[in-house]
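S.K.: Okay, handing you the structure first.
The values are calculated or read from the model by the stated rules, or taken from the named source; none is laboratory data. Computed from a prediction, not measured in an experiment: that's the story for all the values here. Cβ sites come from the backbone with ideal geometry, for glycine too, and all protein chains shown count toward neighbours. The protein model used for the area step is the full one, side chains on, heavy atoms only, and it has no ligands, DNA or RNA in it. Shrake-Rupley method; radii C 1.70, N 1.55, O 1.52, S 1.80 Å.
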Amino acid sequence: MGKVITVSAILLAAGEAKRIGRPKLLMPFGGGTVLERTLDNLLTSKVDEVIVVLGPRAEVIKQVIADRQVKVVVNPDYHLGMSTSLITGLSLVDDRAQRIMIALADQPLIYGDTYDRLIEASLSCDKGIIVPVYQGRRGNPIIFSAKYKQELIKLKGDVGGRQIVRQYPDDIFEVAVHSEGINLDINTMYDYLRLLSDKVED
């Protein structure tokens, strides 16, 4: 009998970074790169498996994270939008997983205790969608019950799990967290410099 898989995390790392104009996941951050910092934080949490979905510069990124115990998959259709990366990641989710966490690779200021707070909430409440909230504002990652897997697989275009969130408002459980990092990602050089400055709430 194999390891029990309760929470499977999909880390979406296949964006084209068009607005920032350079491979943002490989930019320096915290002694490594943005992706390494995000991934290492996630790996300190209670997730049972991590699936990293890559797109542009996949071969370079594979080498950067080669020593981590993760599943890596390349989405050849990354240019068609976020849904294709999500679906690519879902194809590797263990069939025994009870929960699926969808996380973003450009959020390096989310720490293990925040991920764990969401995981614990997902396992102790009767709702199927767990959403973090910081000072009244929803953020990422989002945890879905495995019952939503087939609906997530049917998504199309440049949309992610939030489309499902909008469809099932009565099945949402909001979890207040102390980390502003759930609302901080890197879309511009300003975003990157702000996160580097550490002038944010941890």
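S.K.: Give R68, R57, R96, R37 a once-over and let me know the one that is out of contact with any His (no Cβ under 6 Å at 6 or more places or on another chain) and crowded, with 17+ Cβ neighbours inside 10 Å.
M.R.: R37
S.K.: Another question, then. Limited to region 146-182, what total is found for residues that are within 25 Å of K18 (Cα to Cα) and free of Cβ contacts under 8 Å to residues at least 60 places away in the same chain?
M.R.: 2
S.K.: Please work out which residue is most open to solvent (accessible area, probe 1.4 Å), limiting yourself to region 10-23 and to residues that are in contact with a helix residue (DSSP H, G or I) (Cβ under 8 Å, 6 or more places away or on another chain) and within 26 Å of L152 (Cα to Cα).
M.R.: Among those residues, the one meeting the criterion is E16.
S.K.: Among residues belonging to region 40-54 that are over 20 Å from Y78 (Cα atoms) and among the hydrophobic types (A, V, I, L, M, F, W, C), point out the one that is most open to solvent (accessible area, probe 1.4 Å).
M.R.: L43
S.K.: Name every residue in region 78-93 that is over 30 Å from S124 (Cα atoms) and surrounded by 14 or more Cβ atoms within 10 Å (Cβ to Cβ), in order of residue number. Walk me through it before giving the result.
M.R.: We begin by selecting, within region 78-93, every residue over 30 Å from S124 (Cα atoms); these are 78-81, 84.
Answer for region 78-93, where residues must be over 30 Å from S124 (Cα atoms) and surrounded by 14 or more Cβ atoms within 10 Å (Cβ to Cβ): Y78, G81, T84.
S.K.: Hey, can you tell me all the residues within region 5-33 that are in contact with a strand residue (DSSP E or B) (Cβ under 8 Å, 6 or more places away or on another chain), farther than 22 Å from T84 by Cα and of a type outside the set (S, T, Y)?
M.R.: Listed by number, the residues that qualify are I5, M27.
S.K.: Restricting the search to region 115-151, which residues are modelled with pLDDT under 95 and either of a type in the set (A, V, I, L, M) or within 15 Å of the chain's Cα centre (by Cα) (or both)?
M.R.: Listed by number, the list holds a single entry, L123.
S.K.: Please list, ordered by first then second residue, the pairs with beta carbon atoms under 8 Å, 6 or more apart or interchain, first in region 66-81 and small (G, A, S), second open to solvent by less than 90 Å² (accessible area, probe 1.4 Å).
M.R.: G81/G157; G81/V159
S.K.: Residues that are small (G, A, S), at least 3 per element: which strands (runs of 3 or more DSSP E) completely within region 1-97 meet that?
M.R.: The qualifying strands (runs of 3 or more DSSP E) are 7-13.
S.K.: Would you check which residues across region 143-196 are in contact with an Asp or Glu (Cβ under 9 Å, 6 or more places away or on another chain), assigned to a strand (DSSP E or B) and open to solvent by 40 Å² or more (accessible area, probe 1.4 Å) and list them?
M.R.: F173
S.K.: Regarding region 74-92, can at least one residue be identified that is farther than 21 Å from Q163 by Cα and of a type in the set (D, E, K, R)?
M.R.: no
S.K.: Please verify whether region 100-111 includes one or more residues that are open to solvent by 10 Å² or more (accessible area, probe 1.4 Å) and among the aliphatic types (A, V, I, L, M).
M.R.: yes
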